[in-house]
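The values are calculated or read from the model by the stated rules, or taken from the named source; none is laboratory data. Nothing here was measured: the structure is a model prediction, and the numbers come from that model. FYI the Cβ positions are ideal-geometry reconstructions off the backbone, even for glycines, and counts take in every protein chain you see. What goes into the accessible areas is simple: the full protein's heavy atoms, side chains included, and nothing from ligands, DNA or RNA. Shrake-Rupley method; radii C 1.70, N 1.55, O 1.52, S 1.80 Å.
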Number of protein chains: 2
Amino acid sequence: MMCTMQDSVTEFEIIKRICSGKTTRDHRVLIGPGDDLALIQASAPGESSSGSDRMLLGVDQLVDGIHVDLSRVSLEEAGRKAVCRSLSDVAAMAGRPVATLVSAVVPAEWNDGQAMALFDAMKSAADEHHAPLVGGDLAVHHEPDGRLTCSVTVVGAPSDIGVVSRFDAEAGDGLYVTGELGGSWRGRHHLDFTPRLAESAMLLAILGNRLHAMIDISDGLGRDAAHMVERSDLQVIIDAESLPCREGFGVQQAVGDGEDYELLFAASGDVPEGLGNCAVTRIGAFKIKDDASDPDVLLRQNGDLSDISRAGWEHQSR
Amino acid sequence: MMCTMQDSVTEFEIIKRICSGKTTRDHRVLIGPGDDLALIQASAPGESSSGSDRMLLGVDQLVDGIHVDLSRVSLEEAGRKAVCRSLSDVAAMAGRPVATLVSAVVPAEWNDGQAMALFDAMKSAADEHHAPLVGGDLAVHHEPDGRLTCSVTVVGAPSDIGVVSRFDAEAGDGLYVTGELGGSWRGRHHLDFTPRLAESAMLLAILGNRLHAMIDISDGLGRDAAHMVERSDLQVIIDAESLPCREGFGVQQAVGDGEDYELLFAASGDVPEGLGNCAVTRIGAFKIKDDASDPDVLLRQNGDLSDISRAGWEHQSR
């Protein structure tokens, strides 16, 4: 269930290149690419900003054959998933959804009804989570076997308390996760999950500045925990026995399946065991690495430690 | 040079469907889909808004074989065009660019260098116009002949004076255009135009609330002038003799070629004949239709009147 990047063009390399851009840094970019979403301030540099002109922004694609398989998934499910994945990123930043924009290139053989089913599903999901669809663009593939490509941009507003980056965990923090993990793809959870927006807002309200870092699990627990420490000297140690595995699935699936769209967060002090109907489970802790070459994420199981920093999906092989 | 919609899925129908959505209207959407960009207020309904939390948003795609032909155009040119088209929409709303997000699905045979050339070109164009690239997503086609699809989301800030919709022309207004028209595709203007951001800001500063309506010419003069009156009882009459035709091209090209990315605007009173190095030409006027069934846009040439409301491109056949 684990894979590595094999394509001629790797997303990782491109994103890294964009992140490390050498052009003049723009003072309006408060958090750049690399986190779940970027944080932007609309005011021109030099102008005073009240904070109300700050927005969270991100874009994500859904491609038939990579993120969904339209031979097994309805257009309604695909459209819903495309929007909810992006809203999960708003939850990961502890933000509030504001708006959604979608674009798609659809197969040449589609009829109007199919295109409308897709857009209606995206619009419904966006409306349901108070992120109204305010822009759309549609094109039709010229090649006879061109498959659906779909891009979703999400706009969020940061909480008044602030945003929660994925990178700011501290040594001694506990690692927590909402809900259950594993089997998302086989169990179709990846098609009907609810973005953890309410839970995220509750967490921030309850924990305040003890909520140090947060990410949503899309790649997989191993890879996403590794993302949390990639800019620090921290190591994550996860206890296999504590993992809230979905019924019918085990530790391996919980660690590596991905697409759980649960919140994975670092916090200090007491953390509630539930948020409404949603369980919260402590699954590990952060410590400073003994050596810089130590693995980013270790799984402790039956007394053994294994490196799970690369456990998860690159989203190229589904 | 004129074409009509022939594809099984027509953008027009989809966009119309989105615009007329029956779900609860969201009070944060001040201008919805249908204008060059949407205008959104981030504050939740009921909260007071200082106006600084308003943003302009839009999304546009660039597809190989539709909007560019990568057998004749470099990746640098394609990337630049993708971003500049979106920035031209910010100009049309008299806004200020804030940020850009891009996503692409690239052909399976591309190497890293090709993907980076495309993203670098988009990043450069975005930086050049102070719309830093803050989000990106990349995927690779699985089909061997899948062609480049690229989506650009642009975020703008409205001017302190306000935004300029495409729909608010008044009877008696003059119709004006910046620069020259026609031959954009054959002359490659569509690959190296500069979004009219500076001119747009000057126009708003000079004309204030006499600048009633504005759009950028992408579909073509005929179709875009028709867009300006589609929600009103107005008719546009354009004088062929006044058209600022690009050297080597005539009235037919100026009316129907499209992709000029010039500003087309409605204003009352005196209008300057130039903005810096950019000419401004009065090419027609708005009047109330004698009959509701009258054409939206007429061209007066040698004493004859012809309906040019459909003159332009649907962007499906290039």
### Task
Identify all residues within region A:68-103 that are part of a loop (DSSP other than H, G, I, E, B) and surrounded by fewer than 24 Cβ atoms within 10 Å (Cβ to Cβ); write none if there are none.
A:Asp69, A:Leu70, A:Ser71, A:Arg72, A:Val73, A:Ser74
### Query
Quick one: which strands (runs of 3 or more DSSP E) sit completely within region B:199-318 and have at least 2 residues that are open to solvent by less than 30 Å² (accessible area, probe 1.4 Å)?
B:211-216, B:234-239, B:263-267, B:278-288, B:297-301
### Those residues of region B:104-158 which are farther than 20 Å from A:Ala139 by Cβ, more than 8 Å from chain A (Cβ to nearest Cβ) and not in a helix (DSSP H, G or I), in sequence order
B:His129, B:Ala131, B:Pro144, B:Gly156, B:Pro158
### Task
Being charged (D, E, K, R), touching a residue at least 60 places away in the same chain (Cβ under 8 Å) and within 17 Å of B:Asp294 (Cβ to Cβ) is the filter here, so list the residues in region B:224-265 that pass it.
B:Glu230, B:Arg231
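For (1) among the small types (Gly, Ala, Ser); (2) within 30 Å of A:Met55 (Cα to Cα), each residue gets a yes or a no:
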| site | (1), (2) |
| --- | --- |
| B:Gly156 | yes, yes |
| B:Glu170 | no, no |
| B:Glu180 | no, no |
| B:Glu199 | no, yes |
| B:Arg231 | no, no |
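Could you tell me which of the residues B:Arg54, B:Arg25, B:Arg17 is at pLDDT 90 or above and open to solvent by 60 Å² or more (accessible area, probe 1.4 Å)?
Within the list B:Arg54, B:Arg25, B:Arg17, the selection yields B:Arg54.
Taking B:Asp69, is it under 23 Å from the mean Cα position of the chain (by Cα), facing chain A (nearest Cβ under 7 Å) and modelled with pLDDT of 80 or more?
So B:Asp69 fails the test.
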### Query
With respect to the numbered conditions (1) closer than 18 Å to B:Ile283 by Cβ; (2) buried (at least 24 other Cβ atoms within 10 Å of the Cβ), which one is the sole condition not fulfilled by B:His190?
(1)
